[in-house]
Every structure is written in C-alpha cells, then in structure tokens.
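S.K.: Take this structure, written in structure tokens, and hold onto it; I'll ask about it next.
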Amino acid sequence: MSAINDFLLANDLRIANNPCVSPDFCLDWCALAADLQAGEGITVYPHSSVTTVDGTWQLAENARGDHAWLLAPAAEGRGSGALSGDSIDLADGRLAFPATFAHLLEMKDAIQQHDPEATVFPTANQRLGEATIGVGARFTTLHWPGVDWAMAQLGTGVTANQSSIPRELVFDVDAMLADRLARVPFPFIGADVPEGHQGQSVEGMSHGCVLAKLKTGFHLRKIAWSFNADHQPIGGWYDAREDQLVQGCLLASYITFDLSPELSVTRLPEGAHAQAAYVSSEVDAALVATVKTRVADAGVALDESEFNELLCRVWPAMRKMRIRDEKYRAIREKHFSTQVGCIYLRELSIDELPGLTTAEATAIMLALCEAMDMPVNFIAPAFGFQKNMPYPDHAELRAMIGRQWEVCRAFGVSIGFHSGSGKSAENYQIMGEVTGGRLEIKTSGRYTYEMGRALFSSADEADQKLWKDWYAFTLDLAVAGAFAESETERSMARTFISESLKTAGQAEPADLHSSAERTREVLESLDPDPDLMFWFEYNFLYVLAAGGKADKAALGDHSPAGYRQRERFYAISDVGRLNFASNVARYIIFLCENTGIVPAATCRAAAEKLEGYTSFDAMLADIAG
C-alpha cells in the first residue's frame, strides 16, 4: 500500500468525504473486492459505459468512495490482462479492477486507441486551443457537476479543471507526508502558507475529474474538455523539483508556463553595450535573425536596444522552458501511444514581466516560442487587472486589447486574460469583440465565493452552521490583520474592512480602529454576507485550516486535523450542492454569453433551464442528455 493511502486509511479520511487527496480512487481494494463479490453496498453507474478492444467498462463505487472498473470482457479481449495488477472475477462473468492511478493511465491509452475522438479524458481537441473559459475547480467533486452541466447545455467545451500547481494543489503526496512542501508568502495575511492549500493532489484531481464525467455520462455527449496545469513554475528554485512537477501533470492537456521564478533570479547586464554582447555570445545568431524577421512580418517595428534588453531578461527562462517542454512531451510519449493522448496546449504567461505588456514584448515572446519549436496557443499579457474588480475605463481597455490582438492575430494565437474573475459584462464584451472570441478567461477565486453564496442561501441547518463558522473565521482574520505589526497586512485588512462597510451601506465610524474590540464590534453589527470584501479575500484559507481556527499556524494544514476541516465542505446537503452547482453553471453561462464564445440564444436557454431545478438529482440527470 502506498504511504498516502496508508495515511488516509489510518486516519479514516475516505474518498467519499475527502476526495482527490490520493492519486488513487481506491484506498482499500480488499474491502472493495469483498463488497463487489458480495454484491452489497455497491453503486454501479449506468451512464459510465465506455468501450475498448477488451470489452465494455463501467464504474462501480462502495459507500466509502472506493471505485472499481468493471469489465464485461469481449471474446477477443485480454480478460484479466486488460489492466496490469490486481483483478477479481465476479459472479456475473465480469471482471473488477481497482481504480488506481496506474490503471487510469492504462485506461486512457486503451480508450483513445479504440476511439481517438473519445472525450472521457481531457484533450486539446475541437476549439479548446482557440477559445475557452478556465474554471478553477477548487472544490473538486462538488465543482464538476456545475461545470459539466454548463458544457452539456451550451454544447461547448471549456477548461473544466484548472489549478495553479504547486501553489493550490499538492504536487507530490510523498513530499507532503514528509513535511517538505514549500511555504507560499501571502503578504496580506502576514504569513507563509504551505503550498497545496486546497488539500487535493494534482494526480487525485486529475483522476477525480475523469471519473466525474463518466459517472454522470458527460462523455456520451462527445464534447471535448481540457485540464490546465496553471502557473507551472519555470526555473529558479523549482529546478530541483522539475521532474515531480512533470510527473504530476501527466494528464494535463494544457500547460501554462510561468517564467517568473527564473525571471526573478536573472541579472540583467548593465547598459546597451553589455546587453548586445550578451545576446551575441549567448543566443544563436540564426535564432536571433529568425525572431527579428518574424516580428517584422507581424508588422511590429523593433528598437535594437529594447530587443536586446528583453532578450537578456528572458533568455535564461526561455532555455529552461524549452527543457521543461521537452520533458512534458517525453513523459506523454512514454505512457501514451496515440497522438491525441500526447498533444497538449501551451500558454505563455508574460504578465510577470515589469509593467503593462507592450505589443513589442508580446511579438518577441511569440516569435521566440515559434523559433524554439514550442508554439503557444494562448499568451497572457499584463493588462493591469485586479482580482475581482471590473476594469473602469472601457475605451482604454479596448485600446489595450486591440494593440495586443494585432500582434496575436498575426501569430494565430489567442489572448489569455488572467485574473479574469469579477469583471463587468461590458469588460467581457470588449474582450470578445476585439479578439473575435479568440480568448481565454481564467477564473478561480470566484468559485470559492460561489460556495459561500450556496451555503448562505441554503436552509439546511448543517449548511448554515458551516457558513456561519466560515464567516466568523474571516472576521477573526480581518480583526487580527487590522492590528498586525506588518504594515502590508494591516493596510490590506483595513482596506477590506472599509470596503465591506461600503458594501453594507454603513458609514465608517471615526473610531473604527481605535481598538481591536471596537473593530470587532463594528464588523459584528453587519449582517453576514458573502459579498463583504473581508470574507471574499480571506475565505480560501478556511478549507484546510486545522480546527477551523483563524490562527496563522493552522492555515494550509496537511495533517489529519486540516483534512477533517476540509471534510466539512464535502458533507454539505443536496440543497447546498444544487445551489453551488447552479452558481458555477450560471457564471460560466454569463462568461460564455458576454465573450461571444457561445451564441446568446443558447446561453439564455441554458440559463432559463437552470432556474427550473428543484433537486440536485434532476440537474445531474440532464448532464448525460
């Protein structure tokens, strides 16, 4: 048994109420095998049928959340040799195999060999490399019903599984168990929080997303979807863990390359002469000539000194990106034998470069990617967006995007809009109009907010208890932050509090911060509301806070105490689940309509249908069609 499965079983952290932590979706094969042979406590998912050369497969699950692949063998198939490792014979003639991550990889290759157009697994097919919505599925199995329902009703695929790795997801469960996860600085809370602060592993999330689509029958619609390994860090201190990152992202069909770690340690030669000398000695002359010609062909005029300065800044990162890209390619070719199983989309994130991104910088970066044989599908310039804030000047936004689009169109590349949540309908309309719908909107934190709204509006007693505890946690952090020693933490907390008072329509008392007690008194006088900024800004930290405590030492806790806290979210009622799935779907519809990715009439019909559900089961039933 793997160390992570042993840890989960020893602490009674089961998949049914704590999914996607282990890469496997079967922790206790012996117990599941006994349940299968006895025919007791087993759910078989009728929509999950999928065919390979070995026969027809379905998914089965017991009450503890352990899953198995059931095979009705074809006469010419391999029988128990269809998958490596353990299997058992069932009384009805079928075979059962545990849903391990190793078996998942084998199933991907078998399914795609049999049907290259299959949509069980994430791919780069259909229009995913041109236009998509990136959905940060922080709540895993709670999240995907809303995403899959929206894709099914809109008839278009999106990036249905997106997470920053390793910031949000555990990149290596063995490193987690050995307490070797790095700590990510969050200046606004005045603390470093362990990476993987949502608790799930990248392999576990990869696994769960595939099984979710089989269980609801989404795959029967033949709508392609993608999985984005977002913000894959290139260079810097991440060099030491590069191979683990590559291994963990094996099932991702879309990679975002984040150059910022290497950029942060790259020293720029001083002066134009030194920079020209660096380019001459370090960068192949033929490559430089190719890039210059391509940039000129795109209609962009280059200043020689600016070109050299940018190349000096990015060249070490680009070389490391090329090495990483080769590793992504090689590991896919090692495990998968089909073209569809090996292809992945690329996005270059350049919003970490200083200032707002110029059209010249975009052109040079795109030309470099082309010349280095790693052409990108999306590029993410810096537009000066703030998370969850509309861009205030529509004319300026249109002009900024227009300058970038002229370059991107010449390279056949779509624009990625990062920090995409919380913009206005007008902002999204401008993005869609200028790019002709060739864009990606990345959203993530929005969905934690939607979970808060789901619980807030639920009449279920346990849901309300979770909401109130969650709200109290953020209030405690806001009060503590308002009197922190760190100027950044204190300033941000007071800003969140002031904005919350504005949202609530209350004047800010002159003595608001005369003492912590007074600040608390004022905040506690407000009606709890997920639209208050202090709740929105601190909410994500509650998921893995040991004991639900607003104590910095309790945040991002990967011990049993942290995972028992996470378990509370997976115990919400069906009312809470319907609310959350509906909120997720509603936001995706809103984005698709306003960006023009999906025709307005289709979006309106889906939105109208969404309002008619009174049960979660009814919504799930409409995913398969």
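The values are calculated or read from the model by the stated rules, or taken from the named source; none is laboratory data. All figures in this text were calculated on a predicted structure; none of them were measured in a lab. A quick note on method: Cβ atoms are made from the backbone with ideal geometry, for glycine too, and the neighbour counts reach across all protein chains shown. What goes into the accessible areas is simple: the full protein's heavy atoms, side chains included, and nothing from ligands, DNA or RNA. Shrake-Rupley method; radii C 1.70, N 1.55, O 1.52, S 1.80 Å.
S.K.: For a quick check of your reading of the model, give me the residue pairs whose first member lies in the range 301-315 and is assigned to a helix (DSSP H, G or I), whose second is open to solvent by less than 70 Å² (accessible area, probe 1.4 Å) and of a type in the set (Ser, Thr, Tyr), with beta-carbon atoms closer than 6 Å and at least 6 apart or on different chains.
M.R.: CYS312/TYR278
S.K.: How many residues does the range 83-104 contain that are open to solvent by 20 Å² or more (accessible area, probe 1.4 Å), within 21 Å of THR216 (Cα to Cα) and either part of a helix (DSSP H, G or I) or modelled with pLDDT under 95 (or both)? Lay out the reasoning, then the answer.
M.R.: First pass over the range 83-104, keeping only residues open to solvent by 20 Å² or more (accessible area, probe 1.4 Å): 84-94, 100-102.
From the residues that got through so far, the ones that are within 21 Å of THR216 (Cα to Cα) too are 100-101.
With either part of a helix (DSSP H, G or I) or modelled with pLDDT under 95 (or both) added as a condition, the list becomes 101.
Total meeting the criteria: 1.
S.K.: So how many residues does the range 30-59 have that are more than 28 Å from the chain's Cα centre (by Cα), part of a strand (DSSP E or B) and more than 15 Å from ILE111 (Cβ to Cβ)? Steps first, please.
M.R.: At the first step, the residues of the range 30-59 found to be more than 28 Å from the chain's Cα centre (by Cα) are 30-44, 46, 51-57.
Now drop any that are not part of a strand (DSSP E or B), which leaves 42-44, 46, 51-52, 55-57.
Add one more test, that the residue is more than 15 Å from ILE111 (Cβ to Cβ), and what stays is 42-44, 46.
Adding up the residues that qualify gives 4.
S.K.: Please list, ordered by first then second residue, the pairs with beta carbon atoms under 8 Å, 6 or more apart or interchain, first in the range 164-179 and farther than 27 Å from SER419 by Cβ and open to solvent by 10 Å² or more (accessible area, probe 1.4 Å), second of a type in the set (Val, Ile, Thr) and at pLDDT 95 or above.
M.R.: VAL173/ILE4; VAL173/VAL21; ASP174/ILE4; MET176/ILE4; MET176/VAL170; LEU177/ILE4
S.K.: Moving on. Do any residues in the range 597-612 that are without any contact (Cβ under 8 Å) to a residue 24 or more places away in the chain and farther than 15 Å from ILE133 by Cβ have Cβ atoms under 8 Å from those of residues that are part of a loop (DSSP other than H, G, I, E, B) and open to solvent by 20 Å² or more (accessible area, probe 1.4 Å), where the two are at least six apart or on different chains, and which pairs are they?
M.R.: Note: no pairs meet the criteria.
S.K.: Count, please, the residues in the range 37-56 that happen to be farther than 21 Å from SER206 by Cβ and open to solvent by 20 Å² or more (accessible area, probe 1.4 Å).
M.R.: Step one: of the range 37-56, the residues farther than 21 Å from SER206 by Cβ are 37-44, 46, 49, 51, 53-56.
Add one more test, that the residue is open to solvent by 20 Å² or more (accessible area, probe 1.4 Å), and what stays is 37-44, 46, 49, 51, 53, 56.
Qualifying residue count for the region: 13.
S.K.: Taking the range 528-567, which residues are part of a helix (DSSP H, G or I) and on the phi > 0 side of the Ramachandran plot?
M.R.: Within the range 528-567, GLY547, GLY548 meet the criteria.
S.K.: Hey, can you tell me all the residues within the range 342-367 that are of a type in the set (A, V, I, L, M) and closer than 16 Å to ALA301 by Cα? It would help to see each step written out before you state the result.
M.R.: Kept after step one, since they are of a type in the set (A, V, I, L, M), are these residues of the range 342-367: 343, 345, 348, 350, 353, 356, 359, 361, 363-367.
If the condition is that a residue be of a type in the set (A, V, I, L, M) and closer than 16 Å to ALA301 by Cα, then ALA359, ALA361, ALA363, ILE364, MET365, LEU366, ALA367 are the ones that fit.
S.K.: State all residues of the range 549-577 that are open to solvent by less than 20 Å² (accessible area, probe 1.4 Å) and touching a helix residue (DSSP H, G or I) at 6+ places or on another chain (Cβ under 6 Å); if no residue qualifies, say none. Break it down stepwise before answering.
M.R.: Going residue by residue through the range 549-577, those that are open to solvent by less than 20 Å² (accessible area, probe 1.4 Å) are 554-556, 562-563, 565-566, 569-570, 572, 576.
Across the range 549-577, the qualifying residues are ALA554, LEU555, GLY562, GLN565, ILE572, GLY576.
S.K.: Filtering the range 112-122 down to residues that are in contact with a helix residue (DSSP H, G or I) (Cβ under 6 Å, 6 or more places away or on another chain) and assigned to a loop (DSSP other than H, G, I, E, B), which residue is farthest from THR156 (Cα to Cα)?
M.R.: First, the residues of the range 112-122 that are in contact with a helix residue (DSSP H, G or I) (Cβ under 6 Å, 6 or more places away or on another chain): 112, 116, 118-121.
If we keep only those that are assigned to a loop (DSSP other than H, G, I, E, B) too, we end up with 116, 118-121.
Details: PRO116: 18, ALA118: 15, THR119: 12, VAL120: 15, PHE121: 15 Å.
Filtering first and then ranking leaves PRO116.
S.K.: Which pairs turn up if I take residues in the range 54-81 that are farther than 12 Å from PRO98 by Cα and of a type in the set (A, V, I, L, M) and look for partners that are part of a strand (DSSP E or B) and open to solvent by 10 Å² or more (accessible area, probe 1.4 Å) with beta carbon separation below 7 Å, at least 6 apart in sequence or on another chain?
M.R.: Close Cβ pairs (under 7 Å, with a partner that is part of a strand (DSSP E or B) and open to solvent by 10 Å² or more (accessible area, probe 1.4 Å)) amount to ALA72/THR56.
S.K.: What are the residues in the range 59-107 that are touching a helix residue (DSSP H, G or I) at 6+ places or on another chain (Cβ under 6 Å) and farther than 20 Å from CYS30 by Cα, if any?
M.R.: Once the filter is applied, which keeps residues that are touching a helix residue (DSSP H, G or I) at 6+ places or on another chain (Cβ under 6 Å) and farther than 20 Å from CYS30 by Cα, the range 59-107 yields PRO73, LEU105.
Residues are listed down the side, and each one gets a yes or a no for (1) at positive phi; (2) small (Gly, Ala, Ser); (3) at pLDDT 95 or above; (4) open to solvent by less than 60 Å² (accessible area, probe 1.4 Å):
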{"site": "GLU487", "(1), (2), (3), (4)": "no, no, yes, no"}
{"site": "SER491", "(1), (2), (3), (4)": "no, yes, yes, no"}
{"site": "ILE497", "(1), (2), (3), (4)": "no, no, yes, yes"}
{"site": "GLY505", "(1), (2), (3), (4)": "yes, yes, yes, no"}
{"site": "HIS513", "(1), (2), (3), (4)": "no, no, yes, yes"}
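S.K.: Please verify whether the range 213-234 includes one or more residues that are part of a helix (DSSP H, G or I) and within 25 Å of ALA175 (Cα to Cα). It would help to see each step written out before you state the result.
M.R.: Residues of the range 213-234 part of a helix (DSSP H, G or I): 213-216, 218-221.
Within this subset, residues satisfying the condition of being within 25 Å of ALA175 (Cα to Cα) are none.
Within the range 213-234 (the criterion being part of a helix (DSSP H, G or I) and within 25 Å of ALA175 (Cα to Cα)), the answer is no, since none of the residues qualifies.
S.K.: Tally up the residues in the range 235-289 that are in a loop (DSSP other than H, G, I, E, B) and either open to solvent by 50 Å² or more (accessible area, probe 1.4 Å) or on the phi < 0 side of the Ramachandran plot (or both), please. Steps first, answer last, please.
M.R.: First, the residues of the range 235-289 that are in a loop (DSSP other than H, G, I, E, B): 235, 249-253, 259, 264-271, 283-284.
The next check asks that each one be either open to solvent by 50 Å² or more (accessible area, probe 1.4 Å) or on the phi < 0 side of the Ramachandran plot (or both); those that pass are 249-253, 259, 264-270, 283-284.
Looking only at that region, the number is 15.
S.K.: Would you confirm, using the coordinates I've provided, whether ALA605 is of a type in the set (Gly, Ala, Ser) and either in contact with a Cys (Cβ under 8 Å, 6 or more places away or on another chain) or open to solvent by 10 Å² or more (accessible area, probe 1.4 Å) (or both)?
M.R.: Criteria met by ALA605.
S.K.: Between ARG138, ARG64, which is in contact with a Lys or Arg (Cβ under 7 Å, 6 or more places away or on another chain), open to solvent by 10 Å² or more (accessible area, probe 1.4 Å), assigned to a loop (DSSP other than H, G, I, E, B) and not small (Gly, Ala, Ser)?
M.R.: Details: ARG138 fails: in contact with a Lys or Arg (Cβ under 7 Å, 6 or more places away or on another chain).
Answer to the selection: ARG64.
S.K.: Taking into account only those residues within the range 434-481 that are of a type outside the set (A, V, I, L, M) and part of a strand (DSSP E or B), which is surrounded by the most Cβ atoms within 10 Å (Cβ to Cβ)?
M.R.: Step one: list which residues in the range 434-481 are of a type outside the set (A, V, I, L, M), which gives 435-438, 440, 442-450, 452-453, 456-458, 460-461, 463-465, 467-471, 473-474, 476, 481.
Then keep just the ones that are part of a strand (DSSP E or B); that gives 440, 442-443.
On the way: GLU440: 33, LYS442: 26, THR443: 24.
Filtering first and then ranking leaves GLU440.
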